[in-house]
Amino acid sequence: MKQKLHIVKVGGHLVNDTHGLAMVLSAFAEIDAPKILVHGGGRHATALATELGIAPKMIDGRRVTDAAMLEVAVMSYAGLSNKKIVAQL
């Protein structure tokens, strides 16, 4: 019999909320089935880009990801944001 796959999305706002993130990760860890956690981190990516002298481009409130911003996003999402979440799990 196939098991249901649970996909949980944690937005960037929650990634920055220590208490809220801890609650969600605790509940996520309790899921006794195949699961995937997808997380945001746009605020950190924007702050990092600014520190690096890269002006984030926004159109209608959405980030436009050019080559430079893609590198920043990888640094942020796969770096600090992801490592914080994995360490808590």
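What to note about this one:
- Qualifying positions in segment 49-58 - among the aliphatic types (A, V, I, L, M) and open to solvent by less than 50 Å² (accessible area, probe 1.4 Å): Ala49, Ile54
- Selection status of Leu89, among the aliphatic types (A, V, I, L, M) and either free of Cβ contacts under 8 Å to residues at least 24 places away in the same chain or open to solvent by less than 90 Å² (accessible area, probe 1.4 Å) (or both): no
- Exclusive hit being open to solvent by 40 Å² or more (accessible area, probe 1.4 Å) and either aliphatic (A, V, I, L, M) or free of Cβ contacts under 8 Å to residues at least 40 places away in the same chain (or both), set Ala27, Ala33: Ala27
- Test: residue in segment 6-15 that is closer than 18 Å to Val72 by Cα and of a type in the set (D, E, K, R): no
- Residue in segment 47-56 that is touching a Pro at 6+ places or on another chain (Cβ under 9 Å) and without any contact (Cβ under 8 Å) to a residue 60 or more places away in the chain present: yes
- Of all the listed residues (Thr65, Thr46), the sole one being farther than 27 Å from Ser26 by Cβ and surrounded by fewer than 15 Cβ atoms within 10 Å (Cβ to Cβ) is Thr65.
- Residues of segment 1-24 satisfying the condition of being touching a residue at least 40 places away in the same chain (Cβ under 8 Å) and more than 13 Å from the chain's Cα centre (by Cα): Ala22
- The one condition from (1) among the charged types (D, E, K, R); (2) in contact (Cβ under 8 Å) with a residue 60 or more places away in the chain; (3) touching a Gly at 6+ places or on another chain (Cβ under 6 Å) that Arg43 does not meet is (2).
The values are calculated or read from the model by the stated rules, or taken from the named source; none is laboratory data. What you see is a predicted model, and the numbers here were worked out from it, not measured in a lab. Every residue, glycine as well, gets a Cβ built from its backbone with ideal geometry; the counts of neighbours run over all protein chains shown. These accessible areas exclude ligands, DNA and RNA; they are computed on the full protein's heavy atoms, side chains included. Shrake-Rupley method; radii C 1.70, N 1.55, O 1.52, S 1.80 Å.
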